[in-house]
Amino acid sequence: MAEVPEKLNKPYDPAATEGRTYQLWEESGFFNPDNLPAQAGLSGRFTEPFTIIMPPPNANGRLHAGHGLTIALEDIMTRYHRMQGKKALWVPGADHAGFETQVVYEKKLEKEGRSRFKMDRKELYDEIMAFTLESKQHMENDVKALGASCDWSREKFTLDPSVVSEVQETFRKLYRDNLVYRGYRTVNWCTKHQTSLSDVETETVEKADKLYYLKYGPFVVATVRPETIFGDVAVAVNPNDARYKEFIGKDIEVQHPEGPLTLKVIADEAVDVEFGTGALKITPAHDHNDFRMSETHQLPRVEVIDQFGKLNDKTGKYAGMKIAEARTKVVEDLQALGLVEKIEDYTHAVPVCYKCNATIEPRVMPQWFVKMAPLAKMAADAVRAEKIKFVPDNFEKVFLYWMDNTIDWNISRQIVWGIQIPALVCLSCNTGVLDNEAIEGSECNCGGTLTRDTDTFDTWFSSGQWPLLALGYPDTKDLAYYPTDVMETGRDLIFKWIPRMVLFGLYLKGEVPFRTVYLHGMVNDKHGKKMSKSKGNVVSPIELTDKYGADALRIALVVGNTPGNDIALAEDKIKGYKHFCNKLWNVSRFVLSNAGDTTLDTPRPTLTPRDEEILAELDKTIESVTAHLENFRFHLAGEELYHYLWSTFADVIIEELKPRLAGEEGESKTSAQWITLQALAATTKMLHPFIPFITEELWSLLPHKDKSLLIIEPWPKPYSA
RNA sequence: GGGCGAUUAGCUCAGUUGGUAGAGCAGCGCUUUUACACAGCGAAGGUCGGGGGUUCGAAUCCCUCAUCGCCCACCA
């Protein structure tokens, strides 16, 4: 009788096993699809590609729980398809995460009593680079600790020289195709971080404010920002508003503490007759809507607030005051002049910086903008033509709504940490040209000087091209993996990231970047509350891995988690799945200690009718689990395996076969040994994508000659097939 | 103001095409007898948010109401 492997007599110890197993996998080279071997008796394996590009984690810290889910799901897909014989490629990456990393680093500088505004551009860049490269290593180790079977030989960093040059080349292409332009318009300005932000980098918060009704020439206007009165250039009314018809097109005189203003009365459909008094003061330099009206009606733009959120010298005695202070003072002075009719309480949504919650100030600046309409149409058309499938499918509607309602995308950031925009700009006339189409320092058509644009790209400009960049584009070596199969990421990126990848993929390569988008929900704390440092409820996936093993964490994250829905991650649940791993370990111990001379190579013996039933039940499980995995129902696949192993295999089959296994040598005993071994092997294989470490370890202990690593074992097929 | 999601056991959540409700944890009881005390087994626990409809049959499909949550939005 075969001896039970010594290892099985001790409880499974994830901490002692996982590192060694991961090393075994890496040494095998099988994470790299180029190395997947021909297998005896199996033709056609490892020829057809299956590709996932990993959303590159930010290289500015450790992984969080959401990353754990990402790794678990993508690894399940990659391992499943590899076992199914696909040439599976999962490309890892690291994101320099421009603004986000700069914010992280600024906090570090603040703690040290330093400030980026006092640092030389190069000095700051080099320091953040050193910090990022160090963080990147920690991040990569975390990804490995979770068991990710990704091809490290193909890892890409968003600041790799080849990536940088290709991102800049895309900008030049867009410029030549007239899809990017230098605009002078209001942008979302963060006064703390001293940079503009795209719309998706702002959040809106409810704010209790006051609505001031100001006597304004013959009108009364309602405003929450009386301090911008010095920048007013017009009064707008609705063309159909009978009350004001007589004033349209005329000039009026408006009083304020710094003297009278002469303003034009304009008519614009955008003015809501119902709101306030139906008359609106227009401040083009400090309000997005007003700016738009200034374009339609050719109005001047008078800036009265500077980049630090202080009133400038056009405001007379208010110059140098911060907005809040100036507002109080201006209202007092207007009241003294009898110009305030009434003040109402008013709650409205204001945009804030998504990192520091500072109120976003609309500010007129020269910046680069991507013309979105034609690109968005390509993306929307591709989705309408079902080139991309969404899981869950309701996200398709969200995507299309977004693509049908785009506004031009501001890609200039006034930060050093990122890819520099390859352009020269004229500070006199605000035009810009490509860096390779003019000489730095040369004269602009307007007589000004062309200087190097110091701005960097919005990080989503480079991330948006990631599926191609990660495959080494424009190098064609790996383009056979494009379009990729699945893009799996958090549902919060449906706006920030997914659309940009789709439109850049189509624009650069003429093909969608992925065939399926799988969106997972947010990983929240055990009460379903969002994890945040300030609440102190953040859990680290690595701490959980250290405590319960990566396997337990992975399967706990996946089972019970439906696509698109948030998950409440309780430590108890992970503990429960650690018990499950323990169960699998002990089932294996029992089966192996009773296997006798039977191995996985033993030909199928004569089975009893009951054995046939057992096999039929296993077949049903194989078919069902396979169908779930093919259709992105990972939570159901995991749950079904859980039930099969525990409630069926352990509780029923093993208990029932115990007498036969303990009985006399003979056909009945042999068939019982054969069937328990087969069921155990099939279950171990099917569980491998979910709990790769323990299953690889168990596989190494199963009696089977010419055994390879479990990661390239063929996926089980029904026995009746 | 729009859009989306949720409402199932004490808590957190599953339930793929409609066929007599499931998991983890908590609580209760039992058990170291061919695996499992880093436990196992068992019992208990739910009129599946309310109402209406379709159906032989509805947690599942349709309508409606209520409550909660998320996202988007140029009513100053």
- request: Quick one, can you get me the convex hull of the C-alpha atoms of the stretch A:624-721 expressed as volume per residue in Å³?
  value: 119
task: Could you tell me the distance between the Cα centroids of the stretch A:612-655 and the stretch A:296-368, to the nearest Å?
output: 64
- request: Compare A:Asp34, A:Asp546, A:Asp485 by solvent-accessible area with a 1.4 Å probe and give them largest first, with all protein chains kept in place.
  value: A:Asp546, A:Asp34, A:Asp485
- request: Would you mind pulling out the separation of the Cα centroids of the stretch A:138-174 and the stretch A:520-569, in Å?
  value: 26
- request: Take A:Phe99, A:Phe247 and sort them by solvent-accessible surface of the protein heavy atoms, 1.4 Å probe, largest at the top.
  value: A:Phe247, A:Phe99
- prompt: Roughly what angle does helix A:161-176 make with the longest principal axis of chain A, taking Cα atoms, 0 to 90 degrees, to the nearest 10?
  reply: 50
field: Vicinal HN-Hα couplings computed from phi for the stretch A:481-498 (Karplus, 6.51 cos²θ - 1.76 cosθ + 1.60; Hz; Gly/Pro x)
entry: 8, 10, x, 6, 7, 10, 10, 10, 7, x, 5, 5, 8, 4, 9, 5, 10, 3
- prompt: What residue among A:Tyr181, A:Ile128, A:Thr170 has its Cα farthest toward the positive end of the dipole of the stretch A:97-220, where the charges are +1 on Lys, Arg and -1 on Asp, Glu, each on the Cβ?
  reply: A:Tyr181
- line: About its Cα centre, the stretch A:624-721 carries a charge dipole, from +1 on Lys and Arg Cβ atoms and -1 on Asp and Glu Cβ atoms, whose size in debye to the nearest 20 is 180
- prompt: Which FRET efficiency, nearest 0.05, do A:Lys207 and A:Tyr401 yield, Cβ-Cβ r, R0 30 Å?
  reply: 0.70
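Taking the Cα centre of chain A as origin, sum charge times position over the Cβ atoms of Lys and Arg (+1) and Asp and Glu (-1), and report the length of that vector in debye to the nearest 20.
On the way: 84 positive and 104 negative charges, 144 e Å.
Charge dipole of chain A: 700 debye, to the nearest 20.
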message: When a/c reaches 1.5 or more, the comparison of a/b and b/c decides; with that in mind, is the stretch A:499-540 rounded, prolate or oblate per its Cα gyration tensor?
response: prolate
- prompt: Roughly how many nanometres apart are two label points built 7 Å out from the Cα toward the Cβ at A:Lys533 and A:Lys245?
  reply: 6.0
query: Once both axes come from the Cα atoms, what is the angle between helix A:372-384 and the longest principal axis of chain A, in degrees from 0 to 90, rounded to 10?
result: 30
query: Along the charge dipole of the stretch A:565-656, which of A:Phe632, A:Leu600, A:Leu569 sits closest to the positive end, that is, farthest toward it, with unit charges on the beta carbon of Lys, Arg, Asp and Glu (+1, +1, -1, -1)?
result: A:Leu569
message: Can you compute the charge dipole magnitude of the stretch A:505-656 about its Cα centre, using +1 on each Lys and Arg Cβ and -1 on each Asp and Glu Cβ, nothing else charged? Give it in debye, rounded to the nearest 20.
response: 1080
query: So how tilted is helix A:634-643 from the main axis of chain A? Cα-based, degrees 0 to 90, rounded to 10.
result: 30
- prompt: Got a sec to turn the phi values of the stretch A:236-249 into Karplus ³J(HN,Hα) couplings, 6.51 cos²θ - 1.76 cosθ + 1.60 with θ = phi - 60°, whole Hz, x for Gly and Pro?
  reply: 10, 10, 6, x, 9, 7, 4, 4, 10, 3, 5, 8, 4, x
query: Label A:Asp475 and A:Ser28 with points 7 Å out from Cα along Cα→Cβ: what is the distance between them in nm?
result: 2.6
query: Residues with amide H under 5 Å of A:Val364's amide H, sequence separation 5 or more or different chain, H placed in the peptide plane at 1.01 Å from N; which?
result: A:Val187
query: Mind checking Rg over Rh on chain A, alpha carbons, Kirkwood formula for Rh?
result: 1.09
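Can you show me the helix-derived [θ] at 222 nm for chain A, built from DSSP H runs with n ≥ 4 at -39,500 (n - 2.57) apiece and divided by the number of residues, rounded to the nearest 500.
-12000 deg cm²/dmol
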- line: Among beta bridges assigned by DSSP with both residues in chain A, the antiparallel ones amount in percent, to the nearest 5, to 70
task: With label points built 7 Å along Cα→Cβ from the Cα atoms of A:Thr451 and A:Glu332, find their separation and express it in nm.
output: 3.9
task: With a cut-off of at most 10 other beta carbons within 10 Å, and DSSP calling the residue loop, which GluC sites (Glu not before Pro) in the stretch A:427-459 qualify? Please list them.
output: A:Glu440
- request: Can you tell me the FRET efficiency between A:Glu613 and A:Glu655 if r is taken as the Cβ-Cβ distance and R0 is 22 Å, rounded to the nearest 0.05?
  value: 0.90
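Quick one: Kirkwood hydrodynamic radius for the stretch A:458-613, alpha-carbon pairs, angstrom, one decimal? Don't jump to the answer; show the numbers that get you there.
Working: mean 1/r = 0.0504 Å⁻¹.
By the Kirkwood definition, the hydrodynamic radius is 19.8 Å.
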message: Students sometimes get this wrong: rank A:Met522, A:Met487 by accessible area, probe 1.4 Å, all chains present, largest first.
response: A:Met522, A:Met487
- prompt: Any idea what the relative contact order of chain A is, in percent, if you count C-alpha pairs under 8 Å spaced at least 6 apart?
  reply: 16
Signed unit charges on C-beta, dipole axis of chain A, positive-most listed residue A:Leu337, A:Leu400, A:Ala145: A:Leu337
field: Distant-in-sequence amide H partners of A:Asp209 (H built 1.01 Å from N, under 5 Å)
entry: A:Tyr346, A:Thr347, A:His348
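Over the stretch A:28-182, calculate the relative contact order: mean separation of alpha carbon pairs under 8 Å at least 6 apart, over the residue count, as a percent. Spell out each step's value before the answer.
Working: 184 pairs, mean separation 48.8, N = 155.
The value is 32 percent.
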message: Between the stretch A:1-73 and the stretch A:209-247, how far is it from one alpha carbon centroid to the other, in angstrom?
response: 66
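The values are calculated or read from the model by the stated rules, or taken from the named source; none is laboratory data. Predicted model only: the values in this text are computed from it and were never measured. With ideal geometry, Cβ positions are generated from the backbone for all residues, glycine too; neighbour counts draw on all protein chains shown. These area figures cover heavy atoms from the full protein model, side chains too; ligands, DNA and RNA do not enter into them. Shrake-Rupley method; radii C 1.70, N 1.55, O 1.52, S 1.80 Å.
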